[in-house]
Amino acid sequence: MLFEYIKENYAPGEPIFLQDIKIDGMSDANIRQRIKKLTETGEVNRYEQGIYYIPRISRLNGTAVLAPDVVARYKYISRMGRIMGYYAGYTLANKMGISMQVPVKEEIVSNNMAAIVREVSVGDRVYVVRKPPTEVNETNHIVLQLLELLKNIDEYSDDKQDTRERVADFIRQFQITRDAVDQYISYFPLKVYKSIYEMRLENVFA
């Protein structure tokens with residue numbers, strides 16, 4: 001029953017978080033026992049405590065191991081249609097093309113972090129994960145990510161005009177409204193207001 005459930009709900013190479021598995025008629029203890037047997041038969045592999053995956057066969061290297069970035073994304077940003085975090089800092093600036101600097105430790109803001117900031121290991125990588133200023137969800141994660149970026153925007157690039165254009169494109173792409181910004185900007189430092197003014201973003205908001 002458990003393996004059928006896993007095959008129906010997860011693709012090979014996709015992280016499976018034990019805490020997410022809920023099957024009628026099976027207790028959590030029973031699920032843990034069954035998943036242990038599946039790892040013993042090789043039908044499921046254990047990544048780390050509480051995280052598993054269906055093995056994916058690579059033509060070059062045999063069974064492919066999960067990449068830490070994939071596990072970190074599922075653990076701290078989104079999984080099963082639920083959004084609980086977002087990339088921040090130089091990680092976000094690099095993904096947006098604002099900064100060419102590739103951070104050694106990716107930065108993430110996530111509901112799944114109780115401490116203000118903490119370094120966590122996933123596989124062989126270390127991530128900086130911070131607690132969000134307010135709970136992240138499906139409707140606010142984009143505007144929170146924007147405000148987080150604007151908090152330290154001067155650190156990420158020397159080309160102010162290019163940065164302004166990329167931020168403006170981000171706002172237009174996700175149709176971020178002034179009302180949404182006004183709803184959450186109080187959770188951030190006053191310099192976010194300054195960034196919006198100096199970058200002339202008032203008229204860009206939908």
>> Restricting to region 1-36, name every residue that is in contact with a strand residue (DSSP E or B) (Cβ under 6 Å, 6 or more places away or on another chain) and on the phi > 0 side of the Ramachandran plot.
In response: GLY13
>> For region 101-127, which positions are in contact with a helix residue (DSSP H, G or I) (Cβ under 7 Å, 6 or more places away or on another chain) and basic (Lys, Arg)?
In response: ARG125
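Answer yes if at least one residue in region 123-145 is aliphatic (A, V, I, L, M), outside any strand (DSSP E or B) and either under 27 Å from VAL65 (Cβ atoms) or open to solvent by 60 Å² or more (accessible area, probe 1.4 Å) (or both), and no otherwise.
No, region 123-145 has no match at all.
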> Of everything in region 148-206 that's of a type in the set (Phe, Trp, Tyr) and at pLDDT 95 or above, which residue is surrounded by the fewest Cβ atoms within 10 Å (Cβ to Cβ)?
Replying inline: TYR197
> Hey, any hits in region 74-84 for a residue that's free of Cβ contacts under 8 Å to residues at least 60 places away in the same chain and open to solvent by less than 10 Å² (accessible area, probe 1.4 Å)?
Replying inline: yes
>> From the list ARG32, ARG46, exactly one residue is farther than 26 Å from THR134 by Cβ, in contact with a helix residue (DSSP H, G or I) (Cβ under 8 Å, 6 or more places away or on another chain), open to solvent by 40 Å² or more (accessible area, probe 1.4 Å) and in a helix (DSSP H, G or I). Which is it?
In response: ARG32
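Return the total of residues in region 121-147 being in contact with a Leu (Cβ under 8 Å, 6 or more places away or on another chain) and either at pLDDT 95 or above or under 27 Å from GLN183 (Cβ atoms) (or both). Working first, answer last.
Residues of region 121-147 in contact with a Leu (Cβ under 8 Å, 6 or more places away or on another chain): 123, 132-134, 136, 145.
Subsequent filtering for residues that are either at pLDDT 95 or above or under 27 Å from GLN183 (Cβ atoms) (or both) retains 132-134, 136, 145.
Selection size over region 121-147: 5.
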> If you scan region 4-24, which residues turn out to be surrounded by fewer than 12 Cβ atoms within 10 Å (Cβ to Cβ) and without any contact (Cβ under 8 Å) to a residue 40 or more places away in the chain?
Replying inline: GLU4, GLU8, GLN19, LYS22, ASP24
> When both residues are 6+ apart or on different chains and their Cβ atoms are under 9 Å apart, which pairs have a first residue that lies in region 25-52 and is polar (S, T, N, Q), and a second that is open to solvent by less than 70 Å² (accessible area, probe 1.4 Å) and assigned to a loop (DSSP other than H, G, I, E, B)?
Replying inline: ASN30/ILE23; ASN45/ILE54; ASN45/PRO55; ASN45/LEU66
>> Looking for something assigned to a helix (DSSP H, G or I) and surrounded by 14 or more Cβ atoms within 10 Å (Cβ to Cβ) - is there at least one such residue anywhere in region 113-120?
In response: no
> Which one is nearest to the chain's Cα centre (by Cα) among residues in region 96-112 that are open to solvent by 30 Å² or more (accessible area, probe 1.4 Å) and under 17 Å from ASP159 (Cβ atoms)?
Replying inline: MET96
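The values are calculated or read from the model by the stated rules, or taken from the named source; none is laboratory data. All values derive from a computational prediction rather than experimental measurement. Cβ: placed from backbone, ideal geometry, glycine included. Neighbour counts: every protein chain shown. When the accessible area is computed, the model is the full protein with side chains, heavy atoms only, and any ligands, DNA or RNA have been set aside. Shrake-Rupley method; radii C 1.70, N 1.55, O 1.52, S 1.80 Å.
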